[in-house]
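Enquirer: My structure is below; once you've seen it, I'll send some questions.
The values are calculated or read from the model by the stated rules, or taken from the named source; none is laboratory data. Quick caveat: nothing in here was measured; it's all calculated off a predicted structure. Note that each Cβ is placed from the backbone with ideal geometry, even for glycine, and that neighbours are counted across all protein chains shown. Each accessible area value is taken on the protein alone, full model and side chains, heavy atoms only, with ligands, DNA and RNA left out. Shrake-Rupley method; radii C 1.70, N 1.55, O 1.52, S 1.80 Å.
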Amino acid sequence: MLRTPLIPDPHLSEALGAEVRLKCESLQRTGSFKARGACNFLARLTPEELERGVITYSSGNHAQAVALAAGLRGTSAVVVMPTTAPKVKVEGAERLGARVELAGTTSEHRRARAEETAASEGRVMVPPFDHRWIIAGAATVAHEVFEEWPEVETLVVPIGGGGLASGCAAALRRLKPESRVVGVEPYGAPTMRSALEAGRPLTLEVEGAPDTIADGLAPIRVGDLTHAHAEALLAGVELVGDDEIRRAALHLLERARLVVEFSGAATVAALLAGRVATPGRRTCAVLSGGNMDPVLLSELVGRRGWR
C-alpha cells in the first residue's frame, strides 16, 4: 500500500487558529483507505481459502479494495454493491477484475445477497469493517500520521461502519494516550452516534437508502466490534449536514487542489463548521476517499463561489 501524504492546510489552519494537516487517503490505491484493510485480510488467508475465492458487500470503496487485493493474491472476487452505487465505483471494481452484483439500497440488502452467494459458491467473506484484520489494516493510517507528526493532538476521522475510526483510535491512543480521536458522521446516517447513545448497535429505520450525499458513510448499522472500540476510545462523534460536506469538498478542491469524495470530506466539514474544538491544537483530518463521481464533481465545480 502507499504511504499517503500528510499535508498542511494553511487556509483551514488560519480560519481555526490551529495547525491543521490533511491525511490524504484519497490518494491511496483504489482511491481510499479501504485498500489497507482488504489487503491485510487477504494476506492472512490460507492457500485453500484463496483457492475458493472471496466475496464482499460494499457501497463502493471496499468493493474496489477487495478487487485489488484479490488480484494481488491471485484469486477471484465477487462484490455486491447497491443499485445506487456511483458508476465510478462500480466501474472501478470491474476494471480490477471483480464480478459485480447489484442488490437493494442499504447495507443489509447487499450483506444478505453476499451471504447467499458466499454459501452457494463457497467463497470467503471479507467483511467491510467489523473484523480485527480489517480494523488492523485501517490502523496503519494513524500509525503513519504519528510517525510523521508525533505532535498531533487531535485526529478527526469519518465513520461509516466504524473500521477506520476503530483502527485509528486504537493505534493513536496507544501511541499517544493523551491524544483525541473524534469521529464524524452525516446527519442522514448517524449510526455510530445512535449506537453510543443507546449503548449498543442499532439498525437505522430508513426507507430506501439513508438520506445523505456521503454514500460511504451510510451503513444502517455499525459493527459490534467497531462499536466497542468507539465506546472505549473515541472522544466523541460529531454530525455534519450535506451542504456542509459540499462546502468542505469545494474547499479541498479550490484550496488544496484535492478531489475528495463527499464521504472523505466529512472531517473537513466538521472542522469548518466548528464542531470539533481545535484552537491551539495540532489537528489532523483524514480524507478517507477520493472516488468522486465525475458528474458530481462537475456539479461541485459549477458551485464555485457558492458558500
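Enquirer: Only residues in region 263-287 that are charged (D, E, K, R) count as the first member; pair them with residues that are in a loop (DSSP other than H, G, I, E, B), Cβ under 6 angstrom, at least 6 apart or cross-chain, and list the lot.
Expert: Close Cβ pairs satisfying both conditions: Arg281/Ala18; Arg281/Glu153; Arg282/Glu151; Arg282/Val152; Arg282/Glu153.
Enquirer: Follow-up question, since we're still on this one. Open to solvent by 50 Å² or more (accessible area, probe 1.4 Å) and in a strand (DSSP E or B), is that true of Arg3? Full working, then the answer.
Expert: Values: open to solvent by 50 Å² or more (accessible area, probe 1.4 Å): yes; in a strand (DSSP E or B): no.
The answer is no for Arg3.
Enquirer: Then there is this: Taking the residues in region 182-222 that are at negative phi, small (Gly, Ala, Ser) and more than 14 Å from the chain's Cα centre (by Cα) as candidates, determine which candidate is least open to solvent (accessible area, probe 1.4 Å).
Expert: Applying the first criterion (at negative phi) to region 182-222 yields 182-198, 200-207, 209-222.
This time we only want the ones that are small (Gly, Ala, Ser), so: 183, 188-189, 194-195, 198, 209, 214, 216, 218.
From what's left, more than 14 Å from the chain's Cα centre (by Cα): 188, 194-195, 198, 209.
Numbers: Gly188: 26, Ser194: 30, Ala195: 0, Ala198: 51, Ala209: 45 Å².
The qualifying residue least open to solvent (accessible area, probe 1.4 Å) is Ala195.
Enquirer: Just to be sure I understand the filter: pairs with C-beta atoms under 7 Å, separated by 6 or more residues or on different chains, first member in region 67-81 and within 13 Å of Arg52 (Cβ to Cβ), second member surrounded by fewer than 24 Cβ atoms within 10 Å (Cβ to Cβ) and of a type in the set (S, T, N, Q). Which pairs pass?
Expert: Every condition considered, the pairs that remain are Ala70/Ser76; Val78/Thr117.
Enquirer: Could you please tell me which pairs satisfy a Cβ distance under 9 Å, a separation of 6+ or placement on different chains, a first residue in region 111-125 that is at positive phi, and a second residue that is in a helix (DSSP H, G or I) and among the charged types (D, E, K, R)?
Expert: Close Cβ pairs satisfying both conditions: Gly122/Arg52.
Enquirer: Please work out if Val66 is part of a helix (DSSP H, G or I) and touching a strand residue (DSSP E or B) at 6+ places or on another chain (Cβ under 7 Å).
Expert: Details: part of a helix (DSSP H, G or I): yes; touching a strand residue (DSSP E or B) at 6+ places or on another chain (Cβ under 7 Å): yes.
Against the criterion (part of a helix (DSSP H, G or I) and touching a strand residue (DSSP E or B) at 6+ places or on another chain (Cβ under 7 Å)), Val66 qualifies.
Enquirer: Additional query: Which one is surrounded by the fewest Cβ atoms within 10 Å (Cβ to Cβ), of the residues in region 114-156 that are of a type in the set (Val, Ile, Thr) and over 17 Å from Ala65 (Cβ atoms)? Give the derivation first.
Expert: Step one: of region 114-156, the residues of a type in the set (Val, Ile, Thr) are 117, 124, 126, 134-135, 140-141, 145, 152, 154, 156.
Applying the additional criterion that residues be over 17 Å from Ala65 (Cβ atoms) yields 117, 145, 152, 154, 156.
Numbers: Thr117: 19, Val145: 23, Val152: 23, Thr154: 21, Val156: 28.
Per the criteria, the residue is Thr117.
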